[in-house]
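Provided herewith is a single structure, encoded as structure tokens, for subsequent inquiry.
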Amino acid sequence: MKKSIVALAVLGSFAGVAAAQSSVTLFGVIDAAMRYTDANGKHVYSLASGGNTTSRFGVRGVEDLGGDLKAGFWLESEVNTDTGASGASFWARRATVSLISASMGEVRLGRFKTVTKLTIEEFDPVSATGLGSVFNLYSKLGSTVDMSRSDNQVSYSAPANLGGFYGGLEASAGEGPATNLNKSVGGRVGYKAGAFSLAAAYTEFGVNTKFKLMTLGGSYDFGMAKVSGLYSTTDYSPHKQDLYTIAVTAPVGVGSVWASYTDASYKKGNALKAVSGDAYQLAAGYVHNLSKRTALYTTVSYIDNKAGANFGVNGVGAAANPAVVADGRSGGVDVGVRHSF
């Protein structure tokens with residue numbers, strides 16, 4: 001009897017150690033906003049999901065394998081707060097498994113954001129989300145490319161102990177016809193120390209006719225305000241687009257105000273009306289933090305199109321709400337609440 005009690009105690013102690021070496025976390029963000037949008041003399045009132053941060057929930061975990069090595073996983077799904085529906089694919093935001101070493105870096109397998117999208121988010125005050133997203137003006141140039149995320153991705157991220165330098169490489173298998181744009185390769189490099197940050201990234205999609213996205217961003221925090229700049233170029237032969245963004249974010253009490261200006265210009269021949277055009281976007285907003293996890297916010301955005309463009313504050317062309325005609329204007333304002341857990 002005593003031996004059984006001792007054995008159970010020993011097994012219980014090992015179980016406690018195992019539990020201490022691994023963890024699983026449920027997390028998410030719920031974000032909803034009352035929104036008004038206008039284009040071509042038509043307007044829409046709506047309840048929008050993800051006005052400041054994309055609504056989502058997920059589960060992630062890490063296990064200590066001993067020494068300098070850990071294993072991790074991350075599953076994340078978008079949630080449309082206005083309807084309760086999930087995204088087109090349930091874990092489409094992220095589905096990865098990783099091997100992580102503090103001294104050697106991380107190898108990650110699965111679906112995740114491209115290095116160019118990560119860099120654009122770094123220097124956009126709203127992380128490419130909502131009415132004021134710089135991504136409102138990024139054109140696919142007539143292609144079907146997904147500039148944000150890639151399936152079948154294998155990536156490597158450098159360790160965090162490089163004196164402020166960071167970087168990574170990624171490749172995605174096409175797993176389909178050689179003409180599709182699912183296959184991609186990319187890389188980024190950056191430096192962040194104190195108030196200064198600088199990064200560059202490049203992603204190339206496809207096999208034959210390739211879609212190329214390059215971006216370069218930088219920022220400096222002066223204390224009273226943080227100023228950032230971003231330059232991107234997209235290329236899908238024979239089409240090309242250049243985009244410039246300047247933005248500022250400043251703390252105000254328990255919150256912050258921000259503003260950005262983005263200019264997009266089409267660079268190839270007379271075919272622009274079919275795929276892109278020229279436009280600029282002015283956007284601004286205020287975020288009021290009620291706590292570390294809850295905030296109120298408001299955003300206002302305005303887009304002016306020309307040379308055949310039809311960009312909208314809710315997307316491009318028919319995807320916008322309401323739809324934007326060529327050379328039209330689009331604007332919107334929202335007020336919302338964001339809660340993270």
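Bear in mind these aren't lab numbers, they're just calculated from the coordinates by the rules spelled out. Here the structure is a predicted model, which is why all the values come from computation and not from measurement. We place every Cβ from the backbone using ideal geometry, glycine too, and count neighbours over all the protein chains shown.
Which whole-Hz couplings ³J(HN,Hα) result when phi for each residue of the range 214-228 is put into the Karplus expression 6.51 cos²θ - 1.76 cosθ + 1.60, θ = phi - 60°, listed in order with x for Gly and Pro?
So the Karplus estimates, Gly and Pro as x, are 10, 9, 9, x, x, 8, 9, 9, 8, x, 6, 6, 10, 10, 9 Hz.
Hey, what number do you get for the chain at 222 nm if only DSSP H runs of n ≥ 4 count, each worth -39500 (n - 2.57), divided across all residues, to the nearest 500? Don't skip to the answer; put the middle values down first.
Numbers: 3 runs with 32 residues, N = 341.
Mean residue ellipticity at 222 nm (helix-derived): -3000 deg cm²/dmol.
Moving on. In whole Hz, what ³J(HN,Hα) sequence does the range 298-314 give by Karplus (6.51, -1.76, 1.60; θ = phi - 60°), x for Gly and Pro?
Values per residue, Gly and Pro as x: 9, 9, 10, 8, 9, 10, 10, 9, 7, 6, x, 6, 9, 5, x, 5, 10 Hz.
Pairs of lysines 8 or more apart, or on different chains, with alpha carbons under 29 Å: count those in the range 186-253, would you?
Details: 192/212; 192/226; 210/240; 212/240.
Step by step, the pairs that qualify in the range 186-253 add up to 4.
Mind checking which aspartates and glutamates have their C-alpha under 12 Å from residue 268, skipping anything on the same chain fewer than 8 residues away?
By straight Cα distance, residue 268 reaches 235, 242, 278.
Taking just the C-alpha trace of the chain, give me its Rg and Dmax in Å.
My reading of the Cα-based Rg and Dmax gives 22.4, 89 Å.
Between residue 335 and residue 44, what is the spin-label point distance in nm, taking each point 7 Å from the Cα along the Cα→C-beta axis?
Calculated label separation equals 2.2 nm.
Can you work out the PRE-style zone for residue 83? Point 7 Å along Cα to Cβ, and I want the residues of the range 24-50 with backbone N under 19 Å.
Label zone hits: 30-37, 44-50.
Quick one: which residues, 5 or more positions from residue 324 or on another chain, have an amide H under 5 Å from its amide H? H modelled 1.01 Å from N in the peptide plane, none for Pro or chain starts.
For residue 324, the qualifying residues are 317.
So what J values fall out for the range 131-145 if you push phi through Karplus, 6.51 cos²θ - 1.76 cosθ + 1.60 with θ = phi - 60°, rounded to Hz, Gly and Pro as x?
Karplus values, whole Hz, x for Gly and Pro: 4, x, 4, 5, 5, 4, 9, 7, 9, 7, 6, x, 8, 10, 5.
Amide H neighbours of residue 290 under 5 Å, counting only residues 5+ apart in sequence or on other chains, H built in-plane at 1.01 Å?
295, 296
Now for a separate question. Given that compact globular proteins tend to follow 2.2 N^0.38 Å, what is the ratio of the alpha-carbon Rg of the range 226-294 to that value?
On the way: Rg = 16.9 Å, N = 69, 2.2 N^0.38 = 11.0 Å.
Ratio of Cα Rg to 2.2 N^0.38 Å: 1.54.
Let me ask something additional. Treat every Asp and Glu Cβ in the chain as -1 and every Lys and Arg Cβ as +1, leave all other atoms uncharged, and give the resulting dipole magnitude about the Cα centre to the nearest 20 debye. Walk me through the intermediate numbers first.
On the way: 30 positive and 25 negative charges, 83 e Å.
It works out to roughly 400 debye.
Turning to a different aspect of this structure: 5 Å is the cut-off here: which amide hydrogens, built 1.01 Å from N in the peptide plane, fall below it relative to residue 240, excluding neighbours closer than 5 in sequence?
When sequence neighbours closer than 5 places are left aside, the close amide H contacts are 267, 268.
Right, another one. To test your reading of the geometry: what angle, between 0 and 90 degrees and rounded to tens, separates the Cα axis of helix 2-20 from the longest principal axis of the chain?
20 degrees
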